[in-house]
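The values are calculated or read from the model by the stated rules, or taken from the named source; none is laboratory data. Small disclaimer: the values here were computed from a predicted structure and weren't measured. Glycine also receives a Cβ, built like all others from the backbone with ideal geometry; neighbour counts cover every protein chain displayed. We work out accessible area using only protein heavy atoms, side chains counted, and drop any ligands, DNA or RNA first. Shrake-Rupley method; radii C 1.70, N 1.55, O 1.52, S 1.80 Å.
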Amino acid sequence: MNPITLSMFTTALLSGTLITLSSTNWLMAWMGLEINTMAIIPIIARKHHPRATEAATKYFLIQAPAAATILFCAITNAWMTGQWEINQMSTDLPIILILISLAFKMGMAPVHSWLPDVLQGLDLMTGLVLSTWQKLAPFYLILQLHSTHSLTLILLGTMSILVGGWGGLNQTQTRKILAYSSITHMGWMLVILQFSPELTLMTFTLYVTMTLPVFMILHQNNTLSINKLPILATHTPTISALIPLLLLSLGGLPPLTGFIPKWLIIQKMSHLGLFGLATITALSGLFSLYFYLRLSYISSITMSPSSNLTTATWRLTPNSIPLGLKTTIVPSMMLLPLTPMINSLLL
Amino acid sequence: MTFIMYIALLVMVVGLGAVVAHPSPYFGSLTLVVVSGAACVVLIVYGGTFLALVMFLVYLGGMLVVFAYTTALAADSFPYTLTYGDVMLYWTLYMGLSLICYVKCTVVGVVEGWDLFENWEEFGIFESDVRGMALMYSDVGSLLLIGGWMLLLTLIAVLELCRGNSRGALRAV
Amino acid sequence: MMGQSEHIAEIIISSLMSMTLMLLMGILGFPIIINNTKYNKAIFTMKAVKLAFFWSLLPAGLLIITGTDFTINTWEWFHISTFTIYTSVKIDYYAAVFLPVALYVTWSILQFALWYMEKDHNIDQFFKYLLIFLISMIILVTANNLFQLFIGWEGVGIMSFLLISWWFGRPDANSAALQAVLYNRTGDLGLFVMMAWTMTSTNSWELDDIFLHSQNQNMTMPALALILAAAGKSAQFGLHPWLPSAMEGPTPVSALLHSSTMVVAGIFLLIRFYPIIEQSKTAMTTCLWLGSLTTLFTAACALTQNDIKKIIAFSTSSQLGFMMVTIGLGQPRLAFLHICTHAFFKAMLFMCSGVIIHSLKNEQDIRKMGGMYFLTPLTASCITLGSLALTGTPFLSGFYSKDAIIETLNSSHLNACALSMTLIATSFTAVYSLRILYYVLGGQPRFNSLSPINENDPNLNTSLMRLAVGSLIFGQLITMSLPPKTTSVLTMTLTMKMTAILVTLTGLTTALLLTQSDSLHKKLWSHLPLHFTTLLGFFPLTIHRLLPKLTLQMGHLISSQLIDQTWFKLLGPKAILKSSMSLSKYINTIQLGLIKLHLMSFTIALLTTAFIYTIMT
């Protein structure tokens, strides 16, 4: 793609989300969403690969009805109440439908099915954008709507956690696994949204922090399926040693960053007496933990089953770890001691 | 007026059903034209004359292109029409569904607020759509700018997707 | 003036007694300071016990001469909120008499052990163990406080474990020690119950307080708990198998264990707590039945054993049952008398068996002995003397207690069945004693010709003879000094008076006749089934093998089938695996890459939500 065009789309990508984030008006927010969608589609189809083209088409077809429904509901709301403010929506049906549409946009259960499908057609960096930045705008809108319909939110959240866990169990493609991981994390955010929006925001931030290096590592080594993971050890041994920690951090194991949101969310729920919900979310977190564990097992604990002639290619062609990766790996593993600070910043 | 309105609404619903039911792009886009026309009529009846005019012009231009493309791209010589069994079945199904929705939703107060727009008709000197237009141009000019930017972006995105000799529109090479 | 002299006597008695205790306690630490050979340290211990014996004669003599009932020294020890625990030493008739007896017997046994354990590498440790054993017993006997008694009780228990497993390299010794500890632990439960009961009901562990407060209460439960405790310690029927097994320890241990320390602790507990037992008819009957059952059963078992030490051990068990019967008859003093007299000749019998075993290169089977009368005349005489005393031959020390008990038994109106069982057991005493004498002393030698037979060791000779003297005269001595607590039956028919001797003689005669007929190859009952008694009534087979086997099988079944196979495998991981797999597959069915499915899910979600919302509002 022409660099000028690319930079234009990237700018549009940024500005679309920023327009949504800064608008209090449904029309503006919708416009931001549309700009966002329009900007990402050429980026998705950048390679003109059949899978990429397919993914771009699918992505467009998914986002278009979702945005249309949002606009439809916003207009309905405007007609019924006479105002366009986002956080003053008071009519129930439009809110629920908007929630579903936003969930569809973000790829949450039960309307999650497009996300693994589309993500499978992308290269990993675009996938990273799709699973982090693209979710910011709808996520912000949901955050604005949080005050009503707790049941819908909790149902969406719980279903996402469960579906994300179960869906990822049977996958061999890293991109699909990461898509399901994204679904699960979104679920965690939505489950707690009703009770503590700050916690949701924090979870989102930490999810982005944690998923960033994973995508980057996989991109750097071009490991699209589980089979290729053991090669990490020969290419980048350091990363190979670190990736289990990263993945388990995503899964939410204690000494790592990923534990913070899970800990605080479950603590919050227990404080509110929602023991059943806390138990369900905590237990269904185990499913995703299982596939993270499997990834780590294959990537660094075992050797590649196929005999490779070059055991230490990193000696011949030293791969320096990119700076961005270096800076993201550290916070995605070691933020737990800073929990009080994060707490005071976000909560 | 009410009669025309009802006819237009009926054509719209039936036409939409046909759009969804048609498997061939040829008839799909044809019925889409019909639906658009009916929609414009509905808008006129609601009082949005300017809006209806603009929309009709846009549709006239845009739909013609779509129609031309679809007929050009559609490869089948004998496209399915409404009279085919499957197509008819789906069409009947959609009609039935919309009938149920109509009966149900008019009873429940979901659509009650819809006459708000209609009621505005009585007040003011200008037509309501003209008022909205003025509002958009004067007070919230930024909205217009963004809207324009959005359209431009869409255009560029479509161009980016379709340009080049070897890799035509979205088709995998 | 009289009161004052009594007071002085009390002070002297208690101080003398304390001196004895301190002497013994001090000995324990002394060998650490002195630097000497192990054997010399052992000798030192033996001499200390000897000194303690002479010293202990003083308080005993004073107590008897001045007629002091008892003296108690009490110090406050510690508090558990409102519950105070004292250290209180009670020196009454029982303690004052038992102490010299125990010290005398232990002295002899230690001296015997100097010969017997001469080659042992840790002889000083062995002596120390024996000494701690003895001290525990003395603590138990002098205790006027349940807590103190408990310390002595457990001390005796743990020392018996250590001593029985002295030769810990032998699996038999180890299992015997474990048996001892486990059976004693069962008995300890009874003591725990008793302690808990007194703590809650009388708020004191002082014996006098307990007796005082127990006047108006139903004492069946604590009394039965006490009987359970005594049954565990004194190897009464049901908890008896550890006693014959305890023979795996060194012979001095067996001698000490079976004569004056460990096993009589249970009976002594009942004697101490007789005021409580007495209040419950159930408890008294239980004592009687338990005792008679034990004495008959173990005497019957003794009849068919071939191991010399086992025969003597079963004889001890039988005698313990006999003491229990005495308690059941309501004669604790007679039971105490029997404890004391029994200590002498039983210790001596064990020592004699030790000599013989040692002489025949560790041969314990009486069928492989014979003719020892000519080879070891002193030992043979002592065995004969001991056996005679055991069977209650007139004017030997066994006679004074046994005869009195049987007289009381005959003149009582209690359960005739239990009493006749006891009488039968008494006649068995003569039979198994005869068996030992006949096989070990009489006849031709049946052992290897090169046996290191030698009984000419001064330590051995002195100790044996000392006990022989005790067996001869002690009964007379103690009967003279024993003030009667209850009025004994003074007039009775000749038959009743002679029952003990008659029964014993009958047993003896029958046994002799049978033995002779056997040696003449006249098989009277050629198919007499002896399995019951040779296998100890199938008791160990059932309790030690069958029950654990069943329990272990059940446990194995539960742990492998129910827990491992079912819960930890089938219902746990496997179930989760299967359900997760199927759910995962089910959830992924939508991943066909078809855009219409994605849009369909959206449409369905929208419509369903709208529909549910419409219904709900």
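Scanning for something of a type outside the set (D, E, K, R), modelled with pLDDT of 75 or more and on the phi > 0 side of the Ramachandran plot, does segment C:508-527 turn up at least one residue? Spell out the reasoning first.
Filtering segment C:508-527 down to residues of a type outside the set (D, E, K, R) leaves C:508-517, C:519-521, C:524-527.
So of that shortlist, the ones also modelled with pLDDT of 75 or more come out as C:508-517.
Next, only the ones that are on the phi > 0 side of the Ramachandran plot stay: none.
No; the residues of segment C:508-527 include none that is of a type outside the set (D, E, K, R), modelled with pLDDT of 75 or more and on the phi > 0 side of the Ramachandran plot.
Residues in segment C:53-80 that are at pLDDT 85 or above and among the acidic types (Asp, Glu): C:76 alone.
Please report, ordered by residue number, the helices (runs of 4 or more DSSP H) entirely within segment C:179-284 with at least 2 residues that are surrounded by fewer than 20 Cβ atoms within 10 Å (Cβ to Cβ). Working first, answer last.
Details: elements: C:207-213, C:220-233, C:242-245, C:251-259, C:262-272, C:274-278.
Ranges flagged: C:207-213, C:220-233, C:274-278.
Residues in segment C:163-177 that are in contact (Cβ under 8 Å) with a residue 12 or more places away in the chain and open to solvent by 60 Å² or more (accessible area, probe 1.4 Å): C:167, C:170, C:172. Scanning segment C:313-359 for residues that are over 18 Å from residue C:460 (Cβ atoms) and of a type in the set (A, V, I, L, M) returns C:313, C:320, C:323, C:324, C:325, C:327, C:329, C:334, C:335, C:337, C:339, C:343.
Scan the helices (runs of 4 or more DSSP H) fully inside segment A:60-152 and keep the ones with 2 or more residues being touching a Phe, Trp or Tyr at 6+ places or on another chain (Cβ under 7 Å) and more than 28 Å from residue A:206 (Cβ to Cβ). Give the derivation first.
Details: elements: A:92-106, A:114-120, A:124-131, A:133-144.
Filter on segment A:60-152 gives A:92-106.
Quick check on residue A:35: is it within 11 Å of chain B (Cβ to nearest Cβ), under 14 Å from residue A:138 (Cβ atoms) and either crowded, with 24+ Cβ neighbours inside 10 Å or among the aliphatic types (A, V, I, L, M) (or both)? For residue A:35, the condition - within 11 Å of chain B (Cβ to nearest Cβ), under 14 Å from residue A:138 (Cβ atoms) and either crowded, with 24+ Cβ neighbours inside 10 Å or among the aliphatic types (A, V, I, L, M) (or both) - is met. Quick check, is residue A:8 surrounded by fewer than 24 Cβ atoms within 10 Å (Cβ to Cβ), under 21 Å from residue A:141 (Cα atoms) and within 11 Å of chain B (Cβ to nearest Cβ)? The answer is no for residue A:8. Evaluated against (1) within 30 Å of residue A:123 (Cα to Cα); (2) at the interface with chain C (Cβ under 10 Å from one of its Cβ atoms); (3) open to solvent by 10 Å² or more (accessible area, probe 1.4 Å); (4) in a helix (DSSP H, G or I), residue A:158 falls short on exactly one condition, (2). The sole residue among B:84, B:59 that is closer than 22 Å to residue B:17 by Cα, buried (at least 17 other Cβ atoms within 10 Å of the Cβ), out of contact with any Cys (no Cβ under 6 Å at 6 or more places or on another chain) and hydroxyl-bearing (Ser, Thr, Tyr) is B:59. Within the set of pairs 6+ apart or on separate chains, which have a first residue in segment A:125-139 that is more than 20 Å from residue A:177 (Cβ to Cβ), a second that is at pLDDT 90 or above and not small (Gly, Ala, Ser), and C-beta atoms under 6 Å apart? Once the first residue is more than 20 Å from residue A:177 (Cβ to Cβ) and sits in segment A:125-139, its partners that are at pLDDT 90 or above and not small (Gly, Ala, Ser) give A:136/A:17; A:137/A:17; A:137/A:20; A:137/A:33; A:137/A:36; A:138/A:102; A:138/A:105; A:138/A:106.
How many of the residues making up segment C:26-50 are part of a helix (DSSP H, G or I) and loosely packed, with under 15 Cβ neighbours inside 10 Å?
The number of residues fulfilling the criteria is 8.
Could you tell me whether residue A:22 is more than 9 Å from every other protein chain (Cβ to nearest Cβ), open to solvent by 50 Å² or more (accessible area, probe 1.4 Å) and either in contact with a Ser or Thr (Cβ under 9 Å, 6 or more places away or on another chain) or closer than 20 Å to residue A:155 by Cβ (or both)? Give the derivation first.
On the way: more than 9 Å from every other protein chain (Cβ to nearest Cβ): yes; open to solvent by 50 Å² or more (accessible area, probe 1.4 Å): yes; either in contact with a Ser or Thr (Cβ under 9 Å, 6 or more places away or on another chain) or closer than 20 Å to residue A:155 by Cβ (or both): no.
Here the answer is no, as residue A:22 does not meet what is asked.
Here's the yes/no breakdown for (1) under 30 Å from residue A:284 (Cα atoms); (2) open to solvent by less than 100 Å² (accessible area, probe 1.4 Å); (3) among the hydrophobic types (A, V, I, L, M, F, W, C); (4) touching a residue at least 24 places away in the same chain (Cβ under 8 Å):
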site: C:545; (1), (2), (3), (4): no, no, no, no
site: C:550; (1), (2), (3), (4): no, yes, yes, no
site: C:555; (1), (2), (3), (4): no, yes, no, no
site: C:559; (1), (2), (3), (4): yes, yes, no, no
site: C:566; (1), (2), (3), (4): yes, yes, no, no
site: C:571; (1), (2), (3), (4): yes, yes, yes, no
site: C:575; (1), (2), (3), (4): yes, yes, yes, no
site: C:578; (1), (2), (3), (4): yes, no, no, no
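Taking segment C:367-397 as the range and being within 13 Å of residue C:426 (Cβ to Cβ) and at pLDDT 90 or above as the test, the residues that pass are C:390, C:391. Evaluating residue A:140 against the criteria (1) surrounded by fewer than 24 Cβ atoms within 10 Å (Cβ to Cβ); (2) more than 15 Å from the chain's Cα centre (by Cα); (3) under 22 Å from residue C:605 (Cα atoms) leaves one unmet condition, (2). Is one or more of the residues making up segment C:581-592 facing another protein chain (nearest Cβ under 9 Å), hydroxyl-bearing (Ser, Thr, Tyr), farther than 30 Å from residue B:101 by Cα and open to solvent by less than 50 Å² (accessible area, probe 1.4 Å)? Yes; the residues of segment C:581-592 include at least one that is facing another protein chain (nearest Cβ under 9 Å), hydroxyl-bearing (Ser, Thr, Tyr), farther than 30 Å from residue B:101 by Cα and open to solvent by less than 50 Å² (accessible area, probe 1.4 Å). Here is the figure for segment C:374-395: residues that are in a loop (DSSP other than H, G, I, E, B) and open to solvent by 20 Å² or more (accessible area, probe 1.4 Å) total 3. Residue count for segment A:40-92 under the criterion of being open to solvent by 60 Å² or more (accessible area, probe 1.4 Å), within 11 Å of chain B (Cβ to nearest Cβ) and modelled with pLDDT of 90 or more: the result is 1.
Of the candidates B:9, B:32, the single residue that is buried (at least 20 other Cβ atoms within 10 Å of the Cβ), touching a residue at least 24 places away in the same chain (Cβ under 8 Å) and assigned by the TED database to the domain that holds residue B:79 is B:32.
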